[in-house]
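K.L.:
Got a structure here, written out as structure tokens. Questions coming.
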Amino acid sequence: MGLDFIEGHGEDFERALESTGFGKFHFTLLTICGLIYLNTAVGITIISFVLPSATCDFQMSSADKGWLTAAPMLGMVIGSYFWGCLADTKGRKAVLIGALLMDGICGLLSSMSQVYWLFMMFRFFNGFAITGAMGICFPYLGEFQPGRYRETILCWMELFWTLGVICLPGIAWIIIPMEFTYQTENFKFASWNLFVAACSTPSIFIGLWLFFFPESPKFLLECGEPDEALEVLRRMYASNTGDDPGSFPVLSLREKVRTMSVVSQQSSRSIRSLRIRKPKELKILLQEIWEQTKALCKPPHLRYTIITCLIQFGLTTSYYTLMIWFPELFNRFEEFEALHPNESASVCEVSSVVLPTSNATHIDEEFCGKPIGDTVFLHTLIIGIACIPTSFWLPLCVHRLGAKFFLVFSLIVAGAVTMGLYFVTSTLSNLVLSCIFEALTSLGISTVYCVMVDLFPTNLRVMAAALSLTCGRGGALMGNLLFGFLIDLNCVVPIVLFSGMLFASGLLCLMLPNTGKGALE
């Protein structure tokens with residue numbers, strides 16, 4: 001194909017993307033997107049280590065702890081679609097930066113909060129922000145990848161999630177047991193505050209680093225900005241090959257028919273240039289979001305919208321509920337084994353035992369009990385390390401077996417493992433099952449994001465991911481409330497319910513197409 005053809009008619013985007021090569025730029029981009037995903041793993045689960053330590057300072061009752069656990073999850077439910085709408089209209093990069101900086105700043109402010117309600121409010125905004133970063137990083141990374149590498153690169157993101165699950169208890173184990181307190185008349189900053197601050201600062205640094213990366217060229221072309229998209233491709237080519245950007249063989253890109261209907265009908269401008277501060281332009285932007293939302297809810301996208309939302313609901317509800325409650329089950333087994341040495345009992349029998357309580361009624365003994373035991377840190381660390389084999393298995397074998405295989409396998413086996421909780425009779429067997437459960441369900445969550453990059457077109461991609469995230473987070477919020485109510489009342493019901501959800505999600509995955517082979521829409 002001669003350059004005259006390329007200059008006169010414009011090159012197809014996928015071929016132009018192939019012409020940039022594959023190298024330094026793609027690995028650097030994988031690094032920063034991986035760090036974003038690692039950071040979300042830390043941000044989502046940090047509260048489990050904060051609760052025991054902050055109980056004393058905030059004088060929290062069980063109900064207070066429940067609200068504090070629910071606050072970031074509620075923020076995720078509300079934030080998912082908000083960020084998705086912004087990312088599909090204003091751009092991936094800008095919205096990612098905004099979500100990361102908001103998460104980091106709110107995290108730092110929460111670490112300095114001296115009253116319970118203020119801390120809870122900032123954790124709500126942390127959840128609101130972190131879900132935006134989580135939903136956007138996969139589409140942003142995927143839109144830079146040539147078709148033959150895309151699925152494998154996206155699957156390597158699972159390894160970063162695993163590293164986040166390992167890093168969090170490691171950081172907590174180092175910082176929280178420290179005998180550190182800075183206190184004045186109206187301000188107290190203890191080791192758990194330092195832990196929250198330490199886990200918040202990476203968001204700010206990653207957000208600032210992201211300023212040096214370009215906007216998705218696929219998104220720019222979708223917005224009707226082919227020259228800007230071509231400039232990004234030249235930059236990728238120069239980074240990968242070391243050659244001058246001007247020597248990039250593609251001289252123009254073939255514009256596709258603009259699918260952003262409202263803007264293309266009312267203006268020749270790019271949707272990214274619309275300003276929220278101007279009422280007329282804000283109205284056009286809101287109309288655009290509404291049109292894109294409707295497009296997700298009618299053929300040809302309706303089928304996959306429903307399927308992915310149901311898969312996320314079943315998978316995420318089971319994952320976040322059980323992973324939050326596994327430490328509680330560890331604690332119940334340890335208390336049972338201390339009271340009844342050499343006796344074995346199922347998790348349901350252990351949960352039904354009423355453990356004797358101390359007669360002490362002093363507030364210090366009620367709220368400022370024992371610090372977090374080393375076994376809690378150790379068990380959480382072991383669970384993270386157990387995910388390493390599956391984190392390598394996915395990207396190394398995804399081309400041979402397909403993402404669909406990994407989805408079905410991980411969810412069906414996770415459902416069987418959840419059912420196996422009923423037969424658990426010791427702390428050790430509970431730990432083994434929780435390791436398998438975490439490895440398989442986290443594998444499933446990452447694979448769903450990989451598949452969704454291929455299922456939806458560019459102008460709907462992040463919004464579709466956000467809609468499924470909203471369903472998942474809503475289910476997780478409901479699941480935690482339900483599990484807390486049923487674990488003591490009738491333990492069998494939640495085990496059967498969550499196991500059934502995972503089996504159903506696995507069967508729904510059979511209805512998805514094979515992905516990762518063709519060009520992105």
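K.L.:
Show the residues, 5+ positions off or on another chain, whose built amide H is closer than 5 Å to the amide H of A190.
P.N.:
For A190, whose amide H was placed from the backbone, the distant partners under 5 Å are Y182.
K.L.:
What's the extension gain from F187 to Q287 if we count 0.36 nm per residue and subtract their Cα-Cα distance?
P.N.:
Difference between extended and current length: 31.3 nm.
K.L.:
Still on this model: Accessible area per residue for the chain in Å², computed with a 1.4 Å probe and the full protein assembly in place, what is it?
P.N.:
42 Å²
K.L.:
How large is the helix-only mean residue ellipticity at 222 nm for the chain, computed as the sum of -39500 (n - 2.57) over DSSP H runs with n ≥ 4, divided by its residue count, in deg cm²/dmol to the nearest 500?
P.N.:
Taking each H run of at least 4 residues, the total per residue is -25000 deg cm²/dmol.
K.L.:
Show the residues, 5+ positions off or on another chain, whose built amide H is closer than 5 Å to the amide H of L253.
P.N.:
Result for L253 returns E11.
K.L.:
Modelling each spin label as a point 7 Å along the Cα-to-Cβ direction, I'd like the C297/L208 distance in nm, to one decimal.
P.N.:
Each label point lies 7 Å from its Cα, and together they span 4.2 nm.
K.L.:
Moving on. Identify the GluC sites (Glu not before Pro) of region 124-194 meeting these criteria: DSSP loop state and at most 10 other C-beta atoms within 10 Å of the C-beta.
P.N.:
Hits after loop and neighbour filter: E179, E185.
K.L.:
Would you please report the Å³ per residue occupied by the convex hull of the alpha carbon atoms in region 1-135?
P.N.:
Roughly 119 Å³ of hull volume per residue.
K.L.:
Let me ask another. If each residue of separation counts as 0.36 nm, what is the full-extension length gain between A416 and D12 once their alpha-carbon separation is subtracted?
P.N.:
Answer, rounded to one decimal: 140.8 nm.
K.L.:
Among rounded, prolate and oblate, which fits region 57-167 when a ≥ b ≥ c are the square roots of the eigenvalues of its C-alpha gyration tensor, a/c under 1.5 means rounded, and a/b larger than b/c means prolate?
P.N.:
It comes out prolate by the Cα gyration axes.
K.L.:
Next up: Tell me the carbon and sulfur percent of the accessible area for the chain, rounded to whole percent, probe radius 1.4 Å.
P.N.:
Carbon and sulfur together cover 66 percent of it.
K.L.:
Distance cut-off 32 Å, Cα to Cα: go down the list K65/K404; K65/K188; K65/K283; K65/K298 and report the pairs above it.
P.N.:
Violating the 32 Å limit, Cα to Cα: K65/K404; K65/K283; K65/K298.
K.L.:
Compare the peptides 18-30, 159-171 by average per-residue count of other Cβ atoms within 10 angstrom and give them in order, highest first.
P.N.:
Going from most to least packed, we get 159-171, 18-30.
K.L.:
One quarter of the convex hull surface, Cα atoms only: what value does that give for the chain in nm²?
P.N.:
26.2 nm²
The values are calculated or read from the model by the stated rules, or taken from the named source; none is laboratory data. Just so it is clear, the model here is predicted, and its values are computed rather than measured. In this analysis, Cβ positions are derived from the backbone assuming ideal geometry, glycine residues included, and neighbour counts consider all displayed protein chains. Just the protein is used for accessible areas: all its heavy atoms, side chains included, with ligands, DNA and RNA removed. Shrake-Rupley method; radii C 1.70, N 1.55, O 1.52, S 1.80 Å.
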